[in-house]
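Read through the structure below, which is laid out as structure tokens, and then see the notes.
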Amino acid sequence: MMAFRKFLPLFDRVLVERLTAETVTKGGIMLPEKSQGKVLQATVVAVGPGSVNQKGHVQPVSVKVGEKVLLPEYGGTKVILEEKDYFLFRDGDILGKYVD
Amino acid sequence: MMAFRKFLPLFDRVLVERLTAETVTKGGIMLPEKSQGKVLQATVVAVGPGSVNQKGHVQPVSVKVGEKVLLPEYGGTKVILEEKDYFLFRDGDILGKYVD
Amino acid sequence: MMAFRKFLPLFDRVLVERLTAETVTKGGIMLPEKSQGKVLQATVVAVGPGSVNQKGHVQPVSVKVGEKVLLPEYGGTKVILEEKDYFLFRDGDILGKYVD
Amino acid sequence: MMAFRKFLPLFDRVLVERLTAETVTKGGIMLPEKSQGKVLQATVVAVGPGSVNQKGHVQPVSVKVGEKVLLPEYGGTKVILEEKDYFLFRDGDILGKYVD
Amino acid sequence: MMAFRKFLPLFDRVLVERLTAETVTKGGIMLPEKSQGKVLQATVVAVGPGSVNQKGHVQPVSVKVGEKVLLPEYGGTKVILEEKDYFLFRDGDILGKYVD
Amino acid sequence: MMAFRKFLPLFDRVLVERLTAETVTKGGIMLPEKSQGKVLQATVVAVGPGSVNQKGHVQPVSVKVGEKVLLPEYGGTKVILEEKDYFLFRDGDILGKYVD
Amino acid sequence: MMAFRKFLPLFDRVLVERLTAETVTKGGIMLPEKSQGKVLQATVVAVGPGSVNQKGHVQPVSVKVGEKVLLPEYGGTKVILEEKDYFLFRDGDILGKYVD
């Protein structure tokens, strides 16, 4: 968990960790790598303070650390922290979140 | 209905489910798949809280869950929730809604 | 007239019905289809509530249902309602209106 | 003159009628059509109410009906009213006006 | 001088008259036309009232009639008034002015 | 340290010094130059006063001298000060910072 | 020095004079012209009054006459005043300044 506390995204950037692709179907059949889709679900691990609007006020981001989000298929910046892959997305580019 | 409650679009995004294409004409003739047009009518299944304007105020979206809407021919992002296809559109890209 | 009451354009969109091309000249000569120009005159059949400006206020559209308008040569989105062709234009793209 | 009263441009659009090209020089020599320049002088025949700024206020156009204006070489939209050619320009695209 | 009083540029446009290229060097040697640079110095002959900002206030132009200005190498619109060449520039495109 | 005090970036620019690439792995194996990734970590050595927003207020930059930051893979301007390489980035382009 | 007082840049433009390239290295070796880098250091010789923001207020430029600045590698407009080369840059394009 240390990595998350050590890196602070700037402005409205959100650091996420993609869920690992499930390589076994519900029925227990192993999937070859090709048929596995790109994983678009991720967990928020760090958030920036928010963007600054034209009035100089900070607009907080709309997701919180620990929330499960749906990422767009393209975009985002890969960031390697302590030899692990993370991705930075702008708050406004995250499609939605999963709520209970 | 659970899927709709579990996924919350962010900002001014609207989650819709396209109506199924009618493959039988009014007169009862089955249509081959080619002659079926792209279905542009959809039902709103979830809406984001709205976009944030330059003053920092949230501008709610203009459609509600359950409303029937007309989608533009292009655009939108396919989202798979519980193995079912949905589409995300920006509120401002939805052309209109059907009212009674 | 039911179609017009059932479909509500969103934001500053205006639903229009193009006038039918006159295929007979003033002098009574039938025109072959090629020499008929694109019909740019239309009747407004439904209007959206207006666009939302940066202050969050709604700016009503500048035309009313029933008014005759002049459309730009390009642009607009074809919409089929009850098997009849209509077109959606942004309020700001309509060139002008005919007044008595 | 009826045409001018019957057509109302929307927003900051200005309807103009181009001056007819002079095909005879000051010295009385007839010019072949090729050597005649594009006529950029026009008379304002109808004006829109003005554009709406971000505060929702209408900004009136800067020319009046009857004024002689200088048009840019490119741009403008041809409009045919009662079988006569007119042109629509945005107020901001008109270069200047001739004053006495 | 009549031309200047008769033409009024609109918005933030500035009408200038380019200085004539000096075809004789300081030392008195005649320059062939090729080696003469494009003349970028001009005299302001008419100015528009200024542009309208988002608040609806007019922002006057920054040069006055009679001032000597430095033009950018490209841009500007040639305007022929009483068979003489003038150029229209946006106030913001004029590089600077010569002051005594 | 003198270089940092002598150069002042303007507006929201941030002067950084990239960390030197580690050419030896944790296990002590020397890496050939090709396999070394581009170093994206840097130390802030000077910051501008901030950008000026539409209200005329200065918006300070979000990083401080001495902070460790993560740079985007592309962009930035190389600046040579006293024969040493530095890079200028816009505050908004810096991805995040490392905090203890 | 007369040139500086006679030319006044408009808006947020800054007139600079590039430092002359040193063609002799510290060790006294003459450099052929090719190996000399483009000189990016310059002295401010005249500044405009500043740009006008959306509220109509003038935003003064961030450099003063006599200050040493670092120019971007590309951009700027060459201006010849009294047979000497100067360059005009927008205030916002100047990278930074050297302070004592």
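The values are calculated or read from the model by the stated rules, or taken from the named source; none is laboratory data. Everything numeric in this text was worked out from a predicted model, so none of it was measured. Every residue, glycine as well, gets a Cβ built from its backbone with ideal geometry; the counts of neighbours run over all protein chains shown. Quick note on the areas: whole protein, heavy atoms, side chains included, nothing else; ligands and nucleic acids left out. Shrake-Rupley method; radii C 1.70, N 1.55, O 1.52, S 1.80 Å.
Numbers for the structure displayed
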| quantity | calculated |
| --- | --- |
| Per-residue mean of C-beta atoms belonging to partner chains within 10 Å, peptide E:61-71 | 2 |
| Accessible-area order (highest first, 1.4 angstrom probe) of the listed residues D:Ile80, D:Ile94 | D:Ile80, D:Ile94 |
| Accessible area buried, both sides summed, chains C and D with 1.4 Å probe, Å² | 1400 |
| For C:9-18, mean number of other protein chain Cβ atoms within 10 Å | 3 |
| Partner chain coverage, peptide F:90-97 - average Cβ within 10 angstrom | 5 |
| Cβ nearest the rotation axis (A onto B), residue from chain A and distance to the nearest whole Å | A:Gln54, 6 |
| Cut-off 12 Å between beta-carbons: net charge of the residues surrounding F:Pro49, Lys and Arg +1, Asp and Glu -1 | 0 |
| At most 13 other Cβ within 10 Å, DSSP loop - trypsin sites (Lys or Arg not before Pro), region E:59-100 | E:Lys64 |
| Local net charge near B:Gly76, Cβ-Cβ under 15 Å (Lys/Arg +1, Asp/Glu -1) | -2 |
